[in-house]
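The values are calculated or read from the model by the stated rules, or taken from the named source; none is laboratory data. Values in this document were obtained by computation on a predicted structure and should not be read as measured data. Note that we place each Cβ from the backbone using ideal geometry, even for glycine, and neighbour counts take in every protein chain shown.
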Amino acid sequence: MQKSLHISQTHLNQIKDIFSEESIPLPDGFMEKDINLLAPPLFYDLFALSFVYSMNRMSMVNLGFATSTVARADVLDFFTKALNQATELYAESTTLMLSKGIYDRPPMITYPEKVEYVKKQSYIVAAMGKKRPLNAVELTEIFFNIERNYFSVLLCMGLLQVIKDKEIKNYIKDGMEISEKQINFFNELLEKEELLGTVPVSMEVTNSTVSPISDKLIFALFNFLNSIDVTLIGHALSLSMRLDLATYYSKLIGEILIYAEKGFNIMVNRQWLEQPPQAPNRKVLKGE
């Protein structure tokens, strides 16, 4: 946790330097009032480790995209180092989770004995209602989707204990239901394939009813999770070679986008969403 905090603080300072050199206004971001250090723990220690693991796993995806779109030397250097640090933290947190016995094990399949080629279209579309077994890539995406949603459910459980605002509480409840629905769908799919469903190691919420972070910070976190969820489900969709899976992923992306729009509207109405820099409106400049 200390290492993760130190890296984040270093990133903030580096970004401030780049913005200042270019005379770009610094985002307001978050302040001391957005965190309550006197609040009792909302989660037990193991969740803190799971949080570092999950956030850095998702950050590796985001930073990988960012790094691949940058050309300016100092910015490229920043994102490259940030990606390396996220990878390092992910590796360290995974090793620590394994040593604590809280790393969720994915389904196991036997090694192939020979190289085989796809021979029939039924590899994608079920023939006579008979679906082929899930392949290794599909199983991987299903497992990490379940794991990611268990993390979201636990996060929502804790936040529902401390949120007082009815609109925000309802939004978190809706998010929790979406995550639970995904978990149930994929676990039922694994059971139909005669594979054991994924049951994560229990990491419990305390009985605290005092929020350690502001509603604004909670929404910023959910906004990030919605964004990365669409990215990762889109990735899973691109790798799925079974029509039932691809259909479900497509439906799921639409559902998350509708949910994210609700969150976007709440953030706008409460003036919590800072606008990114954008191109000038040429039509307005020309008086059109």
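At-a-glance table
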{"read-out": "The lone exception for THR95 - which of (1) free of Cβ contacts under 8 Å to residues at least 60 places away in the same chain; (2) assigned by TED's automatic domain parsing to the domain that holds LEU232 it fails", "value": "(2)"}
{"read-out": "Of residues in the range 130-141 being in a helix (DSSP H, G or I) and free of Cβ contacts under 8 Å to residues at least 60 places away in the same chain, the one nearest to the chain's Cα centre (by Cα)", "value": "THR140"}
{"read-out": "The range 19-54, subset of a type in the set (A, V, I, L, M) and outside any helix (DSSP H, G or I), residue nearest to LEU98 (Cα to Cα)", "value": "LEU42"}
{"read-out": "Matching residues in the range 1-23 - criterion: being more than 24 Å from the chain's Cα centre (by Cα) and exposed (fewer than 12 other Cβ atoms within 10 Å of the Cβ)", "value": "ASN13, SER20, GLU21, GLU22, SER23"}
{"read-out": "Single condition ASP77 does not satisfy, out of (1) closer than 24 Å to LEU273 by Cα; (2) without any contact (Cβ under 8 Å) to a residue 60 or more places away in the chain", "value": "(1)"}
